[in-house]
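The values are calculated or read from the model by the stated rules, or taken from the named source; none is laboratory data. Because the structure is a prediction, the values reported are computed rather than measured. FYI the Cβ positions are ideal-geometry reconstructions off the backbone, even for glycines, and counts take in every protein chain you see.
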Amino acid sequence: MVLATCLLAACGGSSAARDPGANGLVPIGAGLDGPAGLSATVYARGLPQAAAFAFDPQGRLWVATAAYSDDGKDGLYLVTRVNAKPIEVVPGLHTPLGLLWYQGALYVSSNDRVDAFSGFNGTAFTTRRTVVTFPADVGENNTMVLAPDGRIWMGISAPCDHCVPSLPWSAAVVSFLPSGGGLQVEASGIRAPVGLAYYPGTDDLFMSVNQRDDLGNNTPGDFLAIVQSGQAWHFPSCYEQGGAACTGVPRPVAVLDKHAAVSDVAIVTGQLGTAVGTSAIVAEWAVGKVQRVALTKTTTGYAGTVQPFLTGIKNPVAVVLGPDGALFVADWTTGIVYRIT
């Protein structure tokens, strides 16, 4: 699923125990530690294996659940308000890892495909349309975002830890029209581009990336970067080690933990106060952390400084900034959705 490194290569992370006060974090409520001044509450329960979020135009939270391996029993749930029981609207999905509302339709990326659901009548969607399909061995379809030009961008993981993919869409960020036409590769050679989020008001697209897990002491950290059309990141030969294999490869904005199975990313620009400021919030599934990458705009892009943001979540995956300015984070293991203000 979204935990591409773990699924494909048995990564070596483990859930982190809560250590109140560590790394400057303090108790902020709901059993979590975070920066002083923040408040955490429980928004919803009963959503084990929550892997993706999206808010609809009415401000309701939609959640896709995805098991560690595909058993065809994943689902799409609606949470209408705080403490409401999640309602399963679409059952029987196969590893849905990306959600995007656009023009009254909910786009869902899952194994080998993207579908658009529309006509929600309060209990079910009346229409399901196939948008894009891929060969079965393409890799995992991850997060989707709507680009300023109206195209949908999506990350697709490699179907392996360190092999050379045989399909052009594997280990890449692709784009397509909402109608389903015009599928093209935007950036290639990226082992597992999982989270995607635009810096507000710009076309600067941040992505979180899972690195290789087979390199022993040379294992690189997962990373956060800016992805642009035309980039070639040279997976599997380049893993940020430098040298000829990485000639011309873009540099990450920030390097995160090793074997972290980095997942969703959200960009905040002051909604969580001056202590958090302008930052990328990145979930690390395998090590039980949510990290903050403080962002500074430079003449050549962005510089990022990694700092701990949340602990007390066993396996965070889905992260989104809500329409009310709050940050929503899901614990894949416990089924709890937290709201951070």
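Does G139 count as surrounded by fewer than 16 Cβ atoms within 10 Å (Cβ to Cβ) and modelled with pLDDT of 95 or more? It is false that G139 is surrounded by fewer than 16 Cβ atoms within 10 Å (Cβ to Cβ) and modelled with pLDDT of 95 or more.
What tally of residues in the stretch 95-119 results from selecting those that are among the hydroxyl-bearing types (S, T, Y) and either within 18 Å of A192 (Cβ to Cβ) or modelled with pLDDT under 95 (or both)?
The first filter runs over the stretch 95-119 and keeps only residues among the hydroxyl-bearing types (S, T, Y), leaving 95, 102, 107, 109-110, 118.
Of the ones still in play, those that are also either within 18 Å of A192 (Cβ to Cβ) or modelled with pLDDT under 95 (or both) are 95, 109-110.
So the count comes out to 3.
Checking each residue in the stretch 145-168 for being out of contact with any helix residue (DSSP H, G or I) (no Cβ under 7 Å at 6 or more places or on another chain) and among the polar types (S, T, N, Q) picks out only S166.
Taking every residue in the stretch 137-152 that is on the phi > 0 side of the Ramachandran plot and pairing it with any residue that is surrounded by 24 or more Cβ atoms within 10 Å (Cβ to Cβ) and not in a strand (DSSP E or B), at least 6 positions away or on another chain, the pairs with Cβ-Cβ distances below 7 Å are G139/S157; G139/A158; G139/S170; G139/A171.
Of all residues in the stretch 257-286, count the ones that are more than 16 Å from A330 (Cβ to Cβ) and either touching a residue at least 12 places away in the same chain (Cβ under 8 Å) or part of a strand (DSSP E or B) (or both).
As a first pass, look at the stretch 257-286 and keep what is more than 16 Å from A330 (Cβ to Cβ): 257-260, 267-280.
After this cut, where a residue has to be either touching a residue at least 12 places away in the same chain (Cβ under 8 Å) or part of a strand (DSSP E or B) (or both) as well, the list is 257-260, 267-269, 271-273, 275-280.
Of the residues in the stretch 257-286, 16 are more than 16 Å from A330 (Cβ to Cβ) and either touching a residue at least 12 places away in the same chain (Cβ under 8 Å) or part of a strand (DSSP E or B) (or both).
Residues are listed down the side, and each one gets a yes or a no for (1) at pLDDT below 95; (2) in contact with a helix residue (DSSP H, G or I) (Cβ under 8 Å, 6 or more places away or on another chain):
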| position | (1), (2) |
| --- | --- |
| I190 | no, no |
| G195 | no, no |
| L205 | no, no |
| T219 | yes, no |
| G230 | no, no |
| H234 | no, yes |
| G277 | no, no |
| A294 | no, no |
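Candidates are the residues of the stretch 71-95 that are within 21 Å of the chain's Cα centre (by Cα) and touching a residue at least 60 places away in the same chain (Cβ under 8 Å); the one that is surrounded by the fewest Cβ atoms within 10 Å (Cβ to Cβ) is V79.
Which of the strands (runs of 3 or more DSSP E) found entirely inside the stretch 134-219 contain at least 1 residues meeting this: among the small types (G, A, S)? Fully inside the stretch 134-219 and qualifying: 152-156, 172-176, 184-188, 192-198, 205-210. Residues of the stretch 10-40 that are surrounded by 13 or more Cβ atoms within 10 Å (Cβ to Cβ), under 17 Å from H259 (Cβ atoms) and either modelled with pLDDT of 95 or more or of a type in the set (G, A, S) (or both): G12, G13, S15, A16. Evaluated against (1) closer than 23 Å to G24 by Cβ; (2) at pLDDT below 95, T298 falls short on exactly one condition, (1). Quick check on my filter: what residues within the stretch 273-286 are buried (at least 24 other Cβ atoms within 10 Å of the Cβ) and of a type outside the set (F, W, Y)? Once the filter is applied, which keeps residues that are buried (at least 24 other Cβ atoms within 10 Å of the Cβ) and of a type outside the set (F, W, Y), the stretch 273-286 yields A280, I281, V282, A283, E284, A286. Determine if the stretch 168-177 includes at least one residue that is more than 25 Å from V320 (Cα to Cα), surrounded by fewer than 16 Cβ atoms within 10 Å (Cβ to Cβ) and modelled with pLDDT of 95 or more. Yes; the residues of the stretch 168-177 include at least one that is more than 25 Å from V320 (Cα to Cα), surrounded by fewer than 16 Cβ atoms within 10 Å (Cβ to Cβ) and modelled with pLDDT of 95 or more.
Considering only the stretch 295-307, how many residues are closer than 25 Å to Y239 by Cβ and either in contact with a Leu (Cβ under 7 Å, 6 or more places away or on another chain) or part of a strand (DSSP E or B) (or both)?
Narrowing the stretch 295-307 to residues closer than 25 Å to Y239 by Cβ: 295, 298, 300-307.
Then keep just the ones that are either in contact with a Leu (Cβ under 7 Å, 6 or more places away or on another chain) or part of a strand (DSSP E or B) (or both); that gives 295, 298, 301-307.
The total comes to 9.
In the stretch 304-333, the residues that are in contact (Cβ under 8 Å) with a residue 24 or more places away in the chain and within 15 Å of V287 (Cα to Cα) form Cβ pairs under 7 Å with partners that are surrounded by fewer than 22 Cβ atoms within 10 Å (Cβ to Cβ) and of a type in the set (D, E, K, R), at six or more places apart or across chains, as follows: T311/R18; T311/D19; G312/R18; D331/K314; T333/K314. Restricting the first member to the stretch 33-61 and to residues that are on the phi < 0 side of the Ramachandran plot, and the second to residues that are of a type in the set (G, A, S) and modelled with pLDDT under 95, the beta-carbon pairs closer than 6 Å and six or more apart or on different chains are P35/A275.
Only one of these is in contact with a helix residue (DSSP H, G or I) (Cβ under 7 Å, 6 or more places away or on another chain) and of a type in the set (A, V, I, L, M, F, W, C): A261, A245. Name it.
Details: A245 fails: in contact with a helix residue (DSSP H, G or I) (Cβ under 7 Å, 6 or more places away or on another chain).
None of the others qualify; the one that does is A261.
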